[in-house]
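What follows is a short report on a single structure.
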Ligand code: AMP
Ligand code: MG
C-alpha cells in the first residue's frame, strides 16, 4: 500500500495539462485563463469628470469667484470649444474634461443664476479622473488564473471580447452495483439509491470539469465493459464501487480485460483504502471505493487536485489549516485518517461516528480533520490539521 502523497504523485503522472480554447467573455467566468490578456485601450481613454458640476481652470478657483457658463460636456458628448478666462462648462460624471479645464467644482459648491455661477462652497480636490488612471493600453492580466466575476468586468473594460482558457477536462462517472437505482426511481426491496455519482458530479463541475454521468453498470464484466465503452473520449474515467476484493467487485478484472496499465491499488488512508488508478488508452482511470463518504473524500483528496493540474493550475496541494480540538481524540491507526468535523468559533469538533456510509454526517461537516498515520491520542485544546470543505 502507498501513502496519499505517493498516490497523488502517481495520479499526476497519468494526466497532462489540457490545451486552450477561445471563449467569448460571457462564458469566461470560472474558467482558467491560459494566455495573458492585454488591455487594448487606456481607461479612462480621456481625462474625465468624477462628479456633476462645472469645469474650470484650477488657477481661477477661489471663494466667491464668478464664471459664465458657455457650454456643456456630458458622458458620450464632449465639449469641443475653448474656455476663456472667467468661463466654465457644465459637466457631468464620466464626461470628457474640456481641453482648457483641469478642475471640476461640484454643483453643491455653486449657486447659479442664469448663465452665471458663483463658488459658494470651499472646493477641495479637482474631481478629475486622469486618462489611464484605471489601466493603460498593454496592462496585463497574467495567466494562469481562475477568472472571477471581477476579472470578467476588468476584461470587458479592457475591450477584450474573447479569452484563451483551458479546455474543461471531460470526466466520465460510472456507478457500479446491482443494488443501485437512480433518485426518483422505485427501488426494489434490496436496492438503494445511487448517491455518489450525484455528489461527485456536483463537486467536480464546481472545480471546472465537464462531467458525464453514464448509466449505472451492473456487477458483470459485460456491463462494466459496456460502460467503459461509453466513456470513450473522456480525459478521466471514474468508477465508483466494485473496487474491493469481494466476489462481485469486478472493476479490477474489467479494466484488466480492457488492457489498463495499473499505476497502483490501495492507499494507506481512511476512508478510501480500495482506490485504484491507471491508464486506459489516452484516458486516466480512477476506481473510487463505493461507500458514499469514501467516494466523496477521495474526490476531495485526489480528483480535485487532478482537475487543477489538468486545468494548468499546477500540482501544489493547498496547505492544511489548523485549529484546537474541542474534545479529546484517541490515537490513530496506521493509515492517514480523514475525519468529518465541524469548525466553529475557532474550535474543531470531530463527529463521533465516522462510519464511511454516513452521508448525513458528511453533510453536517465543514472540514476534514487529517490525522497522520500513528498519530498519538490528542487532548482537547491541542491543534490539529484540517482541510476545509
Ligand atoms: P462496493 O465498493 O461496490 O462494495 O460498495 C461499497 C458500499 O457502497 C456498498 O454498501 C454499496 O451499496 C455502496 N455504494 C456503491 N456505489 C454506490 C453509489 N454510487 N451510491 C451509493 N452507494 C454506493
Ligand atoms: Mg458494489
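The values are calculated or read from the model by the stated rules, or taken from the named source; none is laboratory data. Treat the numbers as computed from the prediction; the structure is a model and nothing was measured. Ideal geometry is used to build each Cβ from the backbone, glycine not excepted, and the neighbour counts take in all protein chains shown.
Looking at this structure, is residue 144 away from ligand 1 (no atom under 16 Å from the Cβ) and touching a residue at least 12 places away in the same chain (Cβ under 8 Å)? So that I can check it myself, show each step before the final result.
Numbers: away from ligand 1 (no atom under 16 Å from the Cβ): yes; touching a residue at least 12 places away in the same chain (Cβ under 8 Å): yes.
For residue 144, the condition - away from ligand 1 (no atom under 16 Å from the Cβ) and touching a residue at least 12 places away in the same chain (Cβ under 8 Å) - is met.
Within region 173-187, residues that are in the same structural domain as residue 283 (by TED's automatic domain parsing) and farther than 25 Å from residue 303 by Cβ sit with their Cβ atoms under 9 Å from residues that are more than 12 Å from ligand 2 (Cβ to nearest atom) and assigned to a strand (DSSP E or B), at 6+ positions apart or across chains, in these pairs: 184/193; 185/193; 187/181; 187/193.
Take the conditions over 30 Å from residue 206 (Cβ atoms), part of a strand (DSSP E or B), at pLDDT 95 or above and not assigned by TED's automatic domain parsing to the domain that holds residue 206 and apply them to residue 89. Does it pass?
Values: over 30 Å from residue 206 (Cβ atoms): yes; part of a strand (DSSP E or B): yes; at pLDDT 95 or above: yes; not assigned by TED's automatic domain parsing to the domain that holds residue 206: yes.
Taking the combined requirement at face value, the residue satisfies it.
Exactly one residue out of 315, 327 is over 22 Å from residue 15 (Cα atoms), outside the structural domain of residue 31 (by TED's automatic domain parsing) and not in a helix (DSSP H, G or I): that is 327.
Looking across region 169-186 at every residue that is over 19 Å from residue 286 (Cβ atoms) and under 31 Å from the mean Cα position of the chain (by Cα), the one that is farthest from ligand 2 (Cβ to nearest atom) is identified as 184. Taken over region 248-277, the residue count meeting the criterion of being over 27 Å from the mean Cα position of the chain (by Cα) and away from ligand 1 (no atom under 15 Å from the Cβ) is 10. For region 53-69, a residue qualifies if it is touching a residue at least 24 places away in the same chain (Cβ under 8 Å), over 49 Å from the mean Cα position of the chain (by Cα) and not in a loop (DSSP other than H, G, I, E, B), and the qualifying residues are 60, 66, 67, 68, 69. A search for C-beta distances below 6 Å between a residue of region 203-222 that is without any contact (Cβ under 8 Å) to a residue 24 or more places away in the chain and any residue that is assigned to a strand (DSSP E or B), counting only pairs 6+ apart in sequence or on different chains, returns 205/211.
No other residue among 200, 224, 214 is in the same structural domain as residue 285 (by TED's automatic domain parsing), more than 10 Å from ligand 1 (Cβ to nearest atom) and surrounded by 22 or more Cβ atoms within 10 Å (Cβ to Cβ) apart from 224.
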